[in-house]
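Below is one structure; the comments refer to it alone.
Just so you know, all these numbers are worked out from the coordinates, no wet-lab data involved. Computed from a predicted model, the values in this text were never measured in an experiment. Cβ: placed from backbone, ideal geometry, glycine included. Neighbour counts: every protein chain shown.
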């Protein structure tokens, strides 16, 4: 079983690859873990829900709409932290 | 349609009876006289009373004038939403100047073209947007002032905090109802930005009608949801202060995150939403309304595009206390027809755009401008005191769209194809030209095709709007490349993203070996668009 930290590191790497490869409109400006996804305009307004769908597909974590808010989706790091938190919550 | 609401505050005369000769420039001062300590704006972090808005806007207007801005000059607002953007607009109006909003999230090339076309004399913005726009090099003449609301080291800018805290005052000029209040830009089909010019008279007429139509009052907390460069912002900017209502500012990002929008609306006791169907559909699907009541919300106004009946019915079941209004009106007239809905069970798959509001007159006409009978399709012409003055610097286009007839001085030819039913209600059917609405944004397919055709290796391009459930949610395109060129969709999308708003960037691109043409040799757009719809549906099913 992987620890939460290892899982988070893997998720961050994979999510960054997805965001840079599939969602970003400008590959000349790489998106990093702490890049502001909203201000850069690199991801359009549908992007957040594509990320949610990708996370569901990749990790099996279904993010409740109540958590799909600005604070949790500003950066890739924050998205990963959210998924990590949701994974560790008892069901 | 109801009478003007009674809005007497502290025994003063009703607001509506005092506005006949008023301009937008007097709105803040009047609201301050009526309700100095009432909250004017709930910003993203702080609240501001009318008294404070009055002080800030008087100081900023004074500084614009002392810096060399003259009445009639254009001043850009280039900032993400906040209480500062509202105050910047009203300071410009109080200085007798003309507001030119810039989309802070569009590629800088678009904003720079607007700055140049309007010939702005000053800019008020945030550091990020101002840095990207580089307004100093965008216009041919020196700028009188650039005010930034945060830090922009190394540039000759004025600091917002210092400016609005300054006690010195200039004499603010008298503003005439015929003076130009603001210019709202749309993309235009030729690639040149198209500025829609509104006077204080036309904007005030809109604000007065909107206050009456929606019963806005001092107890309302209107969600300020519209980006400033979109005409829907006139409700929060002008109708709200006319009614002394509070504006709860929503950031651009609240529109992208439905749960953030519902959460802030609940926390701040919002009573009215005015937005586009794209946002409402997001609220239905992701707004967590099954677990979050919005007991204070009394009205949802939507416009800008058609809203599919199924999602609207769901919205009304989630928010049973809310009355809904479908608002219709291009930016050239702000708004002109309305359809009020209180019962979801009467909502069909399509919703009419309704009947003209007080003071507006409509005609449905054929190609020769002659009225067609009910049940027949025709172009919608509107005559209303809320109509624009002209397109900025585009006299031919102004003459094409503002038609004089003996019975009325001017009719605005909307380009929208409608049908009037026997009850007098209007139903939207489509466009005469290649304009589409996607997520509420008004886009010209020809402008998108021009950008695509300018890209390296592209010979022909046809763009179309696409989406599921009958709502356009994105742009798709078909292109023909020069012989031997290899398709590179990410590269082509990047090319577009540098030159178009994000919403106009094609999500999917179909590569054709030749473009179907008609007998005349012109590209057969209708066939290509049908092909696009079919192929995109297939590829969505396959993926």
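Report Rg(Cα)/(2.2 N^0.38 Å) for chain B, keeping two decimals.
Here the answer is 0.97, to two decimals.
I need the peptides B:223-235, B:276-288, B:40-52, B:346-358 ranked by packing, meaning the mean over residues of other C-beta atoms within 10 angstrom, with the highest value on top.
Highest mean packing first, the order is B:223-235, B:276-288, B:40-52, B:346-358.
Would you report the distance distribution of C-alpha pairs in segment A:4-88 as whole percents per 10 angstrom bin, up to the bin with the largest distance?
Cα pair-distance distribution for segment A:4-88, in percent: 18, 58, 23, 1.
Normalised by the number of residues in segment A:4-88, what is the relative contact order in percent for Cα pairs under 8 Å and 6+ residues apart?
36
Antiparallel DSSP bridges in the protein assembly as shown: what percent, to the nearest 5?
Of those bridges, close to 60 percent are antiparallel.
Relative contact order, percent, of chain B when contacts are C-alpha pairs under 8 Å separated by at least 6 residues?
11
For a Förster distance of 35 Å, can you work out the FRET efficiency between the beta-carbons of residue A:67 and residue A:26, rounded to the nearest 0.05?
0.80
Nearest 10 degrees, 0 to 90: what angle lies between the long axis of helix A:4-18 and the longest principal axis of chain A (Cα atoms)?
Its long axis makes an angle of about 30 degrees.
For helix A:76-88, what angle does its Cα long axis make with the longest principal axis of chain A, in degrees from 0 to 90 and rounded to 10?
Long axis of A:76-88 versus the principal axis of chain A: about 20 degrees.
Bin all alpha-carbon pair distances of segment B:218-329 at 10 Å intervals from 0 and give each bin's fraction as a whole percent.
Histogram of Cα-Cα distances, whole percents per bin: 15, 53, 30, 2.
Can you give the average number of partner chain beta-carbon atoms within 10 Å of each beta-carbon in peptide B:254-260, as a whole number?
Taking all residues of B:254-260 together, the mean is 6.
Assuming a ≥ b ≥ c are the square roots of the Cα gyration tensor eigenvalues, decide whether segment B:457-535 counts as rounded (a/c under 1.5), prolate (otherwise, with a/b larger than b/c) or oblate.
Here segment B:457-535 falls in the oblate category.
Over segment B:26-97, calculate the relative contact order: mean separation of alpha carbon pairs under 8 Å at least 6 apart, over the residue count, as a percent.
Contact order relative to length: 33 percent.
For segment B:390-497, what does the convex hull of the Cα positions come to per residue, in cubic angstrom?
Once divided by residue count, the hull of segment B:390-497 is 160 Å³.
One-quarter of the Cα convex hull surface for segment B:80-239, in nm²?
Averaged projected hull area, Cα only: 10.7 nm².
With the convex hull built on the Cα atoms of the protein assembly as shown, state its orientation-averaged projected area in nm².
30.9
Would you mind classifying segment B:70-167 by shape? Square roots of the alpha carbon gyration tensor eigenvalues, ordered a ≥ b ≥ c; an a/c under 1.5 is rounded, otherwise it is prolate if a/b is larger than b/c and oblate if not.
Because its axes are fairly even, with a/c under 1.5, segment B:70-167 counts as rounded.
Once you average over the residues of B:105-111, how many Cβ atoms of partner chains fall within 10 Å of each Cβ?
1
Tell me what the protein assembly as shown gives for mean residue ellipticity at 222 nm when only DSSP H runs of n ≥ 4 count, each as -39,500 (n - 2.57), the sum divided by the residue total, rounded to 500 deg cm²/dmol.
Per the formula, -9500 deg cm²/dmol.
Rounded to two decimals, what is Rg over Rh for segment B:151-302 when you use alpha-carbon atoms and the Kirkwood radius?
Taking Rg over the Kirkwood Rh, I get 1.03.
Count, for each residue of B:281-291, the Cβ atoms from other chains sitting within 10 Å of its Cβ, then give me the mean as a whole number.
The shielding value for this peptide is 3.
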